């Protein structure tokens, strides 16, 4: 489950939230959290830059909580606490954002390069067969391979030169 850090001034709310979330299997931590729960909307904006953040807010503080959400906070937990709401919001926030643990997706060019290279390996270097498998012409494959070698810093022109142009 989620590693939750609390920054709540009201001791009763802190103890209640901590007890409820620990009963649902979440872990209260002081460092390296996956979710932070705070009752300070301005603090939530700062926390949200690095970690999924929830604002504990009463009816009079909802406007500030929504403003914090517009600037990056994941959401809010309504006070007084509603049954199951805190656990649901923590689960959603931890599933939605864990930027420090995930690497960004590969670029389209990287995926294309990996796919072309995998097809070439599969065909044991046979470029005509590779082109058929990829559904492209041999000249297009030749250009792709030349581009890939230039991007990777390899200057091996003997492999990149088509057979008919030597």
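The values are calculated or read from the model by the stated rules, or taken from the named source; none is laboratory data. Only a predicted model underlies this, so the values are computations on that prediction, with no experimental measurement involved. Cβ placement follows ideal geometry from the backbone for every residue including glycine, while neighbour counts extend to all protein chains displayed.
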Legend entry - Residue in the range 13-36 that is out of contact with any helix residue (DSSP H, G or I) (no Cβ under 7 Å at 6 or more places or on another chain), surrounded by fewer than 20 Cβ atoms within 10 Å (Cβ to Cβ) and touching a residue at least 40 places away in the same chain (Cβ under 8 Å) present: yes
Legend entry - Number of the condition not met by residue 42 [criteria: (1) touching a helix residue (DSSP H, G or I) at 6+ places or on another chain (Cβ under 9 Å); (2) in a helix (DSSP H, G or I); (3) surrounded by 15 or more Cβ atoms within 10 Å (Cβ to Cβ)]: (3)
Legend entry - In the range 1-18, residue nearest to the chain's Cα centre (by Cα) [restricted to those that are more than 17 Å from residue 40 (Cβ to Cβ) and assigned to a loop (DSSP other than H, G, I, E, B)]: 2
Legend entry - Cross-chain or 6+ apart pairs with Cβ under 9 Å, the range 70-95 first and at positive phi and in the same structural domain as residue 57 (by TED's automatic domain parsing), then surrounded by 19 or more Cβ atoms within 10 Å (Cβ to Cβ) and assigned to a loop (DSSP other than H, G, I, E, B): 72/48
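Restricting attention to the range 62-69, does a residue exist that is under 22 Å from residue 28 (Cα atoms) and assigned by TED's automatic domain parsing to the domain that holds residue 11? Outline the logic, then answer.
Start the filter on the range 62-69 by keeping residues that are under 22 Å from residue 28 (Cα atoms), which leaves none.
So far as the range 62-69 goes, no, none of its residues is under 22 Å from residue 28 (Cα atoms) and assigned by TED's automatic domain parsing to the domain that holds residue 11.
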Inset, instruction - Taking the options 68, 128, 44, 57, name whichever one is more than 26 Å from the chain's Cα centre (by Cα) and modelled with pLDDT of 95 or more. - result: 57
